[in-house]
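Structure record follows, encoded as C-alpha cells.
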Amino acid sequence: MKKITTQDLINSASAMKKDGAAREHMMLFAGEQPELLEYILELSEDDEDDELSDMDRTFLETISLHLWHALKAGGFAPPPAQRQAVYALEKHNLESLENNFSKEKKDGDFIENLLASRETHPQPELARATLLLVLSPDEGPNKLNPGNVLVPVMTIIDSLCGVKPPAAALAEFADLPPRRWEGIQDLRLVEQSSDHMQRLTDGKDFANIDEMNAFLNEKCIGRLITAPPSSKLEEAQDLIYKAMGYQDFRVRERLARLALELSPDCADAWNLLAEEAAETDEEALEFYRRGIKAGARALGAALQADHGRLWGHVKARPYMRARKGEALMLEELGRFEEAERAFYELLELNKSDNQGVRYLLLAFHAHKLEFAKMDALINNGRYPDDCAAEWVYAKALAAYALGKQGASLCLQQALAVNPHVPGYLLTGKKPPLQHPDSVTVGGEDEAWMCAQTFRKAWENTPGALPWLKTGEAALAGPKTGRNEHCPCGSGKKYKKCCGR
C-alpha cells in the first residue's frame, strides 16, 4: 500500500471544491462505503448527552470522503466497511484512548502519546494529520467537539485502511442485532423472503402438495430464505432490498441508480429515487410515473391476469407502490381530479386494499366535504368488518352530514370502537407523549391520528361537533360484555371483535 502524505489529503480536499465534484464523489462513496455513513448517522441519533452536533456530523462525513478519495487516488481501494468490524474497531480505539489518558498521568503529554500510537498504523502520516486536524483549536459557536469525534475519526481511518479489529472485540459484536431506526425498519424488507421463496419454487413441477411442503421445509424452515437472482431485474431488486436496509438517503439513492443500470424495469428503484432524490413534487411524480411504466413492463401479461388482486403477487408490489406514489403526488400538487381517479384505480387493481388507499380517499373526500362520496366508499360492501377509528368515525360524520336515519347508531358503533376520539376533537386534548412504532386499535394513539386527519371536516360541518358531544354522553351507554354482540354491527361477539 502506497504511503499517503498530508499533501495528498490536502489535494483531495481541494479536488472536492470543484463544481459538482463533492456530490459526485459522495455518491460513489455512498455506494462503496454505506456502512460508514450509517455509522455516522447512528452516532448522530444517539440519545445520550454526547450526541453529535451538525458540525460534528458534517466533519465526520467530510473527512471520511477526503480520506477515501486520497487513498483511492494513491492506488489503494479501501475495503467495504462491515458493521460488526466498525463497532469492534470503535471499542478497541476507545480502550486505547483510555490507556493514553492513563499514560498521560505518567508521561505528561496526551496528544504526543496519542500521535505516537499511530506510528504502527498502515498509514501513519495520514492518521496523524487527521488526528491533529481534530485536536486543533477551533473558534466560534459551532466549533468541533473533539470529545465527540476523536474515536469515530480513529475508527473511520482504521476501517478505510483495512485495519483488522482484535478478535476479542470482533467476537463481542458478532451477533450485533439488525439495524433499527428509532424502532422502525423499512417494512418493504419483509417482502424479500416472499420474493426469494417464489424464486425457489418457480419452474418446480411438484407432484402434490406434500412434495411442495417437503421442499419448502428443507429450504426455508429455520433459515434465512435466499435465492440467487436469475435475471438482471432480480439482481436489481436485490440491490433495492439492500438499499432498504439503509437510512442514509445518499446510500439509498446510489443503490437505486445502480439497480437501474442493471435493469430500467426495476420499479422500486424509481420509487426510491422519488423518495430520496427528487427535489420537487413534480420531479417525484415523474419518478413514480417512470416506475409505473417499468413495473408494467416487468409484469407483462400478469398485470391483466391478476387485475383486482395484484398485491397478492409479490412482484407486482413495486408497481402498486409507484401507483400509490403517483396518486399522493397528484394530490400534493393540487391536481385533485387526477388524484381521485388514481386512488380509485388502485382500489380496482387490488380490491382487498392492502395499501390502505381507502383511508387516503376518506381523508381526501373529507377535506373537500364530499360526504356523499365518503358514504358511497364506506358502504360499497368491500370492507364490512373494518373497525379502524378513521373508518367508523368517518361513517358517522358522513351519515350525520347527509341526514341519514342511522347516524346515531353509526356514532354509537364508533364510540364502541374507540371512545377516545371525541376527547381529541372536542377538548383540545394533548396528543400522547410518545408515538409508538405501531398504532393500537382502540387506543389513544389511534384516536389522536383519527382526530388530526378529520378535524377540519368535523369543524366545518355545521352542528357536527355539538352532535358528537351530545352523542358521546347519551350513546356511550354501559360497557359491552365480552360475550355480547359487538356494538360495531359486525355480528361477532365483542371479545372476538372490537374487544380483542
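The values are calculated or read from the model by the stated rules, or taken from the named source; none is laboratory data. Please read these numbers as outputs of a predicted model, since none were measured by experiment. Glycine also receives a Cβ, built like all others from the backbone with ideal geometry; neighbour counts cover every protein chain displayed. For the accessible areas, the whole protein counts, side chains as well, though only heavy atoms, and no ligand, DNA or RNA atoms are used. Shrake-Rupley method; radii C 1.70, N 1.55, O 1.52, S 1.80 Å.
Using a probe of 1.4 Å on the protein chains alone, the accessible area found for residue 292 is around 30 Å².
Within a straight-line Cα-Cα reach of under 18 Å, residue 324 can be paired with the following lysines, leaving aside sequence neighbours fewer than 8 residues apart in one chain: 293, 315, 351. Of the GluC sites (Glu not before Pro) in region 313-352, which ones lie in a loop per DSSP and count no more than 10 other C-beta atoms within 10 Å? For GluC sites (Glu not before Pro) across region 313-352 that sit outside H, G, I, E and B with at most 10 neighbouring Cβ atoms in 10 Å, the list is empty. Under the criterion of Cα pairs below 8 Å and six or more residues apart, the relative contact order for region 174-267 equals 29 percent. The largest accessible area among 306, 109, 175 belongs to the first residue in 175, 109, 306, and the rest follow in falling order (1.4 Å probe, all chains).
Given contacts defined as C-alpha pairs under 8 Å and at least six residues apart, what's the relative contact order of region 1-88, whole-number percent? Walk me through the numbers on the way to the answer.
Values: 58 pairs, mean separation 38.1, N = 88.
Computed value for region 1-88: 43 percent relative contact order.
First compute the accessible area of the chain with a 1.4 Å probe, then give the percent of it belonging to carbon and sulfur atoms. Mind showing how you got there, number by number?
On the way: 13360 of 25780 Å².
Summing carbon and sulfur atoms, their accessible area is 52 percent of the total for the chain.
Using heavy atoms of the protein chains and a probe of 1.4 Å, the accessible area assigned to residue 161 is about 10 Å². Placing a label point 7 Å from the Cα of residue 230 along the Cα-to-Cβ direction, the residues of region 194-216 whose backbone N falls under 17 Å of that point are 194-207, 212, 215-216.
A 1.4 Å probe over all protein chains sorts 311, 68 by accessible area into 311, 68, starting with the largest. Residue separation of residue 429 and residue 213 scaled by 0.36 nm, minus their Cα-Cα distance, works out to 72.5 nm of gained length. Placing unit charges on each Cβ (+1 for Lys and Arg, -1 for Asp and Glu) gives the chain a dipole about its Cα centre, and among 133, 260, 1 the Cα reaching farthest toward its positive end belongs to 260. Neighbours of residue 338 by Cβ distance under 11 Å: Lys/Arg scored +1, Asp/Glu scored -1, total -3. With K and R counted +1 and D and E -1, the other residues having a Cβ less than 15 Å from that of residue 465 yield a net charge of +2. Taking every alpha-carbon pair under 8 Å whose residues sit at least 6 apart, the chain reaches a relative contact order of 9 percent.
Model label sites at residue 7 and residue 24, defined 7 Å from Cα along the beta-carbon direction, differ in position by 2.5 nm. Computed from Cα atoms, the angle from the helix 281-299 axis to the main principal axis of the chain rounds to 80 degrees. Listed by chain and number, the lysines whose alpha-carbon sits under 29 Å from that of residue 2, ignoring those within fewer than 8 places in the same chain, are 17, 18, 72, 91, 164.
Rolled with a 1.4 Å probe across the full set of protein chains, the surface gives residue 297 an accessible area near 130 Å².
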